[in-house]
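Okay, structure first, notes after.
The values are calculated or read from the model by the stated rules, or taken from the named source; none is laboratory data. Just so it is clear, the model here is predicted, and its values are computed rather than measured. In this analysis, Cβ positions are derived from the backbone assuming ideal geometry, glycine residues included, and neighbour counts consider all displayed protein chains. Areas reflect the complete protein model, heavy atoms only, side chains present, ligands, DNA and RNA absent. Shrake-Rupley method; radii C 1.70, N 1.55, O 1.52, S 1.80 Å.
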Protein chains: 2
Amino acid sequence: MFSHQQLEKFVANVFGSIGCPEDQAKLAAEVLISADLRGIESHGIARLKGYLRLWEKGRINPNPQIEVVHETPSTAVVDGDGGLGLVVGPWAMERAMEKAQTAGTGWVAVRNSNHFGIAGYHAMMPLKRDMIGITMTNASPLVAPTFSAERLLGTNPIAIAIPAGKEPPFVADMATTTAANGKLEVLMRKGESAPEGWIQDKDGVMTTNAFGVKEGGALLPLGGQRESGSHKGYALGAIVDIFSGVLSGANFGPWVPPFVNFLEPHEEPVGKGLGHFFGVMRIDAFRTSDEFKDMMDTWIRRFRSSKVVDGQKKVLIPGDPEREMEEKLRQTGIKLTPGVEDELLEISRQFDIPL
Amino acid sequence: MFSHQQLEKFVANVFGSIGCPEDQAKLAAEVLISADLRGIESHGIARLKGYLRLWEKGRINPNPQIEVVHETPSTAVVDGDGGLGLVVGPWAMERAMEKAQTAGTGWVAVRNSNHFGIAGYHAMMPLKRDMIGITMTNASPLVAPTFSAERLLGTNPIAIAIPAGKEPPFVADMATTTAANGKLEVLMRKGESAPEGWIQDKDGVMTTNAFGVKEGGALLPLGGQRESGSHKGYALGAIVDIFSGVLSGANFGPWVPPFVNFLEPHEEPVGKGLGHFFGVMRIDAFRTSDEFKDMMDTWIRRFRSSKVVDGQKKVLIPGDPEREMEEKLRQTGIKLTPGVEDELLEISRQFDIPL
């Protein structure tokens, strides 16, 4: 068991030792560990080794000169200079909040970035300022569009955080696939099979073999198959890709650089790095914050108290499970899986930083 | 067979005779028939009788004073004064485009409106000005959130239209449910059963009985069941509801007024009418239109030419089927189902307007 502070400190020290300025290393650590705290282990400290491997390959710039390269009153395009997405993301979200402050809303497309942790972290940044946060990113191609046998899209998450009054905020954070890749990794570790609709094999045939993606298959868009609406999940993933990649000047679709260091980036890129898209809407650009929050409380209470189907306890509001997990883990500390702990000990020795 | 011009003229005359100003009647007819042209019959002229019944009940104002009630440089809230959504929608989308022209983007929440036809019509309006269009609306409650046995959300569609260069635009237009209600109506007419994951019965048990919704059950969010991601479809439908209803001051969730005249609106509404949400982003608020369109062509061609799974012809780009349908029906004319034609003849007699 480690407290989240211990893990954050360790990660910050490691990022510091590869050349990140101290404040950026701390921020990156906070963003990374927020995933562990919210129970999304696949995007947390388990990825530290992955970031380091990319840095070793020269694919992450530890001290980027992040800049706005184009703007209007409500928009900006940010070049992340190849920095950690964990740092570029919050920087861009700050710009979106500044735009929203003056123009009512702010929309920032980011190119030349890298994996930014959980989308939810960034989407939640504007909450304390009575603003709605929206975050998207494209990602390594692992997903086949409906009818395709090729991996052309990432799991391309969308996160949207909406403030409430007395109730906790509404926070949706979801891959646009049936299941996130992290869930598949869990099944593979346990040697279990995957539910129908999660993956197809290398020929595009739906399979319950959890190793299907590893063996050349693909994750499926939300909906699973055509009959149950996979074309909608495909469209959502495509929109995330276009907003994050095409609007910003980043790579998109099958050109997005893979997160793993053993796959090389595309030889003929169509843009720079990978892309994100951030949106912020000031509540009082529409109606008073008090009125809005009051109605959000009404919304949340009505849904949470609705009649449940047999065998279920309650209807959840998006964000409930992650918030409850975070409340718990801030108290109990975070338990790492043995494999991850071994990796961290290896990193600890390599950089001579105590875990 | 009727040409779309014949149908538009008929609808415009009918709307004119209930008191719509001539230009609004024409516009409403164009929006309504665009659904038939794009092959989405459930939202086209088949709904004319529904609009008229609401008008008879005093639930549609044929000559509304639509107005902006609040604004910032990039946002506006529009009160539709109880008008036809077919008229209020385009009016609000025009305001969003004006905002985008000066601020880079424009975001308009609408309250006190009514059913606005297909979301795709409105989302496509900005295309010719090199802008991206985004449209959402809430709708009559027919959908159960994950784990709920109650209908709390509408099919709450999202439409996003993105310009391309030499390729036709990318146009996604989708309910946030596994299947739109219109598809279910087709199955009921044919006496066929529904695929798994479309509906649950009145106790919240998944069923393939196409009459399940009619018998007190509900449509299911995209994803179908928890294991295959229905909590994501639920979150998407919820976001559409909150943006359209809570931001604007319209009704939301189970309070949204039903489209059918035999169900009364809620006795204690939480807002005015139903709500829409419109977004417009100027392409050149991010990068030059030429660069963007060039990359969109690259995106579209790569996806369209991707390797297909056995038994499929090609990977589709969102909007392909509807565009091909429209090209065909503009030539051949539109064939009405006998039931719809009978209803139109009845309307023709009632208003003394030739079909």
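Rundown of residues vs (1) open to solvent by less than 20 Å² (accessible area, probe 1.4 Å); (2) modelled with pLDDT of 95 or more, yes/no style:
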| position | (1), (2) |
| --- | --- |
| B:Ala238 | yes, yes |
| B:Trp255 | no, yes |
| B:Arg287 | no, yes |
| B:Lys313 | no, no |
| B:Gly319 | yes, yes |
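Name every residue in segment A:75-93 that is within 19 Å of the chain's Cα centre (by Cα), away from chain B (no Cβ under 14 Å) and either crowded, with 24+ Cβ neighbours inside 10 Å or outside any helix (DSSP H, G or I) (or both), in order of residue number. Give the steps one after another, and end with the answer.
First, pick out the residues of segment A:75-93 that are within 19 Å of the chain's Cα centre (by Cα): A:78-80, A:82-93.
Add one more test, that the residue is away from chain B (no Cβ under 14 Å), and what stays is A:80, A:82-91, A:93.
Matches in segment A:75-93: A:Gly80, A:Gly82, A:Gly83, A:Leu84, A:Gly85, A:Leu86, A:Val87, A:Val88, A:Gly89, A:Met93.
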> Within segment A:289-298, which residues are open to solvent by 10 Å² or more (accessible area, probe 1.4 Å) and within 9 Å of another protein chain (Cβ to nearest Cβ)?
Replying inline: A:Glu291, A:Met295, A:Thr298
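Looking only at residues in segment B:299-309 that are within 7 Å of chain A (Cβ to nearest Cβ) and either touching an Asp or Glu at 6+ places or on another chain (Cβ under 8 Å) or surrounded by 19 or more Cβ atoms within 10 Å (Cβ to Cβ) (or both), which one is nearest to A:Asp203 (Cα to Cα)? First the steps, then the outcome.
Of the residues in segment B:299-309, the ones within 7 Å of chain A (Cβ to nearest Cβ) are B:299, B:302-303, B:306-309.
Still in the running and either touching an Asp or Glu at 6+ places or on another chain (Cβ under 8 Å) or surrounded by 19 or more Cβ atoms within 10 Å (Cβ to Cβ) (or both): B:299, B:303, B:306-307, B:309.
Working: B:Trp299: 23, B:Phe303: 17, B:Ser306: 13, B:Lys307: 10, B:Val309: 6 Å.
Result: B:Val309.
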> Can you tell me which of A:Lys272, A:Lys202 is in the same structural domain as A:Gly85 (by TED's automatic domain parsing) and of a type in the set (D, E, K, R)?
Replying inline: A:Lys272
> Here are some conditions: (1) over 30 Å from A:Ile317 (Cβ atoms); (2) acidic (Asp, Glu); (3) touching a residue at least 24 places away in the same chain (Cβ under 8 Å). A:Asp173 meets all but one. Which one does it not meet?
Replying inline: (1)
>> Looking at A:Arg151, A:Arg111 in this structure, which one is within 12 Å of another protein chain (Cβ to nearest Cβ) and surrounded by 24 or more Cβ atoms within 10 Å (Cβ to Cβ)?
In response: A:Arg111
> Residues in segment B:321-337: is at least one open to solvent by 30 Å² or more (accessible area, probe 1.4 Å) and either within 11 Å of chain A (Cβ to nearest Cβ) or in contact with a Cys (Cβ under 7 Å, 6 or more places away or on another chain) (or both)?
Replying inline: yes
> Restricted to segment B:64-74, and to residues that are open to solvent by less than 80 Å² (accessible area, probe 1.4 Å) and in contact with a helix residue (DSSP H, G or I) (Cβ under 9 Å, 6 or more places away or on another chain), which residue is farthest from B:Gly106 (Cα to Cα)?
Replying inline: B:Pro64
> How about segment B:1-43: which of its residues are more than 19 Å from B:Ser113 (Cβ to Cβ), outside any helix (DSSP H, G or I) and not hydroxyl-bearing (Ser, Thr, Tyr)?
Replying inline: B:Met1, B:Phe2, B:Arg38, B:Gly39, B:Ile40
>> Take the conditions farther than 19 Å from B:Val240 by Cβ, out of contact with any helix residue (DSSP H, G or I) (no Cβ under 9 Å at 6 or more places or on another chain) and either among the acidic types (Asp, Glu) or more than 10 Å from every other protein chain (Cβ to nearest Cβ) (or both) and apply them to A:Lys190. Does it pass?
In response: yes
>> If I filter segment B:343-355 for residues that are touching a helix residue (DSSP H, G or I) at 6+ places or on another chain (Cβ under 7 Å), open to solvent by 50 Å² or more (accessible area, probe 1.4 Å) and hydrophobic (A, V, I, L, M, F, W, C), do I get at least one hit?
In response: yes
> Only one residue in A:Lys307, A:Lys313, A:Lys328, A:Lys335 is within 25 Å of A:His122 (Cβ to Cβ) and over 20 Å from the mean Cα position of the chain (by Cα), so which one is that?
Replying inline: A:Lys328
>> Please go through segment A:283-302 and give me each residue that is touching a residue at least 24 places away in the same chain (Cβ under 8 Å) and among the hydroxyl-bearing types (Ser, Thr, Tyr), ordered by number.
In response: A:Ser289
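Only one of B:Arg59, B:Arg38 is among the charged types (D, E, K, R) and surrounded by 20 or more Cβ atoms within 10 Å (Cβ to Cβ). Can you tell me which?
Details: B:Arg59 fails: surrounded by 20 or more Cβ atoms within 10 Å (Cβ to Cβ).
Going through B:Arg59, B:Arg38 in turn, just one is among the charged types (D, E, K, R) and surrounded by 20 or more Cβ atoms within 10 Å (Cβ to Cβ): B:Arg38.
Give the residues of segment B:188-201 that are out of contact with any Leu (no Cβ under 8 Å at 6 or more places or on another chain), surrounded by 14 or more Cβ atoms within 10 Å (Cβ to Cβ) and in a loop (DSSP other than H, G, I, E, B), sorted by residue number.
As a first pass, look at segment B:188-201 and keep what is out of contact with any Leu (no Cβ under 8 Å at 6 or more places or on another chain): B:188-192, B:195-196, B:201.
Among the residues that remain, those that are also surrounded by 14 or more Cβ atoms within 10 Å (Cβ to Cβ) are: B:188, B:195-196, B:201.
Passing the criteria: B:Pro195, B:Glu196, B:Asp201.
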> Can you name every residue in segment A:126-159 that is in a loop (DSSP other than H, G, I, E, B), of a type outside the set (Gly, Ala, Ser) and more than 17 Å from A:Leu222 (Cβ to Cβ)?
Replying inline: A:Asp130, A:Glu150
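Between B:Ala123, B:Ala96, B:Ala172, which is assigned to a helix (DSSP H, G or I), within 12 Å of chain A (Cβ to nearest Cβ) and under 12 Å from the mean Cα position of the chain (by Cα)? I'd like the intermediate steps shown before the answer.
Details: B:Ala96 fails: under 12 Å from the mean Cα position of the chain (by Cα); B:Ala172 fails: assigned to a helix (DSSP H, G or I).
So the residue among B:Ala123, B:Ala96, B:Ala172 that is assigned to a helix (DSSP H, G or I), within 12 Å of chain A (Cβ to nearest Cβ) and under 12 Å from the mean Cα position of the chain (by Cα) is B:Ala123.
Inside segment B:128-170, can you point out the residues that are β-branched (Val, Ile, Thr) and without any contact (Cβ under 8 Å) to a residue 60 or more places away in the chain?
Narrowing segment B:128-170 to residues β-branched (Val, Ile, Thr): B:132, B:134-135, B:137, B:143, B:146, B:155, B:158, B:160, B:162.
Across segment B:128-170, the qualifying residue is only B:Ile160.
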> Has segment B:202-223 got at least one residue that is within 7 Å of chain A (Cβ to nearest Cβ), of a type outside the set (S, T, N, Q) and not in a loop (DSSP other than H, G, I, E, B)?
Replying inline: no
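Restricting the search to segment B:321-355, which residues are small (Gly, Ala, Ser), modelled with pLDDT of 95 or more and in a helix (DSSP H, G or I)?
Here is the first cut: in segment B:321-355, the residues small (Gly, Ala, Ser) are B:333, B:339, B:348.
Add one more test, that the residue is modelled with pLDDT of 95 or more, and what stays is B:333, B:348.
Result: B:Ser348, single match.
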